[in-house]
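The values are calculated or read from the model by the stated rules, or taken from the named source; none is laboratory data. Note that the coordinates shown come from a computational prediction; the quantities given were computed from them, not determined experimentally. Backbone-built Cβ (ideal geometry, glycine too); neighbour counts: all protein chains shown.
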Amino acid sequence: MNDIGSFGKYGKVFQEKIFQCLVADTTWASQIIEVMTPDFFEQKYLEYLTKCYFAYFEKYKSFPTMPLLITIVRDELQEGSDLILRDQIVEFLHRIKTNPDVCDLAYVKEKALDFCKRQSLKNALEDAVDLIATEKYDSVVTLMKEAISKGTPSTTGHNFFEDYDFRFSKINRVTCPTGIPQIDKKDILNGGLARGELGVVVAPTGVGKSHFLVHAGSEALRVGKNVIHYTFELSERAVGLRYDSNLCDIPSNEVVDRKDEIVEYYKDKDLGRLIIKEYPTGAASVLTIRNHIEKLLLKSFVPSLIIIDYADIMRSSRSYDSLRHELKLIYEELRNLAMDMHVPVWTASQANRDASNSDVVGLENMSEAYGKAMVADVVLSLSRKPLEKSTGTGRLFVAKNRAGRDGILFPIHLNTATSKLVVLDNTSEMSLNEVVSLDNINLKKTLKEKWKQINNDS
């Protein structure tokens, strides 16, 4: 561990740690950017890197990953530019990537605000020398006041009765459609799952979670979006064949025999790109996913949609005694991934046993961790009783929706041979009251059965 005393008064070691904090904790970086400027760094290579890091955020509203930052810097510092600066940057980035020293980062973040105030005052004093020499004393006073105020957030919040233009401005919400028009319409998802959002589909085993994810991925491909599909149960080949079935409308049991037809079909289509990556059950964490995406970014593959099948069987970055807490952490990390990558993320969650015979699967049926629902932006559920499976029918329920209406139930048809899901024709959505009524009916039925069982046992 580095000795805190070796930092000096916010010297080189401390400033390098500051940049490490920026890269390691993007949430903290988005907060400190309000008071920090690149010229606070006394080392030229740190000033340059911070400038690139902040400039990317200002343009894309998300911070670049380390591999992407390296690519940006490498492209900007071509041959013939400042070779010393380039070598310093390469050495520093290589050092923090291969041997990251995370000691003292909590201390550094705690002292970062004081560092900003000190550097701001220092820069102001240097600028004041020239102003004093030209007797521009009013400018000196203004300059010092601005420096002293550093550390105070640049915005004081939303002034409700004055900031009308801000509140009513059109927000450019970039979405990936689900391929279900009734869900994608304006008053529900308003186009689909948006960048930075986490969507979860909940269902009991064998009801159709994986088919829904393939359906959503296929629709994204049709509109030209790039998709990464992570699978932890099925093989890459099996998932690929499901996409073939959906995109080409060919039953899964015929796909292999109709290879030539499928290959020819794709030649005439302007589809997005699809990467399917398999990991063994319980082997991949969100960090594993991040590292894989960073490799793809270096190969110029920029995802428009990330699909994870499914989050409940991932490995968390930290172990807990309670599975409930561990799963909540995984979902928090997935939502952070969506926000950091500026990409929508769809995943699935296992429903508990009580959901198997339910007419409607609700948030309370999310297995092991109700906290998962708190993290997600959108939660959809699938219900298909054994008899309904034979007819391919079921129900799709909007259990949670931050983008619009929720509590809506749709009768659906799910074709598992082609992984296609459609809302049944000549049917209408059900209101929340109707859904609650169904739940009450189901509850009464369950109680009657339990009472009958008790009497028989006695």
Filter result (crowded, with 17+ Cβ neighbours inside 10 Å and without any contact (Cβ under 8 Å) to a residue 60 or more places away in the chain) within the stretch 279-304: Tyr279, Ala284, Ser285, Val286, Ile289
Checking Tyr45 against (1) surrounded by fewer than 17 Cβ atoms within 10 Å (Cβ to Cβ); (2) over 27 Å from Phe301 (Cβ atoms); (3) free of Cβ contacts under 8 Å to residues at least 60 places away in the same chain, the condition it does not meet: (1)
Selection count where residues are under 22 Å from Phe232 (Cα atoms) and not in a helix (DSSP H, G or I), scope the stretch 323-360: 10
Candidates Glu219, Glu197 - the one that is in contact with a Pro (Cβ under 6 Å, 6 or more places away or on another chain), closer than 17 Å to Leu334 by Cα and charged (D, E, K, R): Glu197
Test for Met430: is it assigned by TED's automatic domain parsing to the domain that holds Asp187 and modelled with pLDDT of 65 or more: no
Yes/no for Leu323 being more than 21 Å from His215 (Cα to Cα), at pLDDT below 85 and either in contact with a helix residue (DSSP H, G or I) (Cβ under 6 Å, 6 or more places away or on another chain) or not assigned by TED's automatic domain parsing to the domain that holds Val227 (or both): no
Selection count, the stretch 236-253, where residues are closer than 17 Å to Leu271 by Cα and small (Gly, Ala, Ser): 2
Residues (in a helix (DSSP H, G or I) and of a type in the set (Asp, Glu)) located in the stretch 207-255: Glu219, Glu236, Asp244, Glu254
Where a residue in the stretch 7-35 is within 17 Å of Met339 (Cβ to Cβ) and its partner, wherever it lies, is among the hydroxyl-bearing types (Ser, Thr, Tyr) and outside any loop (DSSP other than H, G, I, E, B), with Cβ under 8 Å and at least six apart: Leu22/Thr50; Leu22/Tyr53; Val23/Tyr53; Ala29/Tyr53
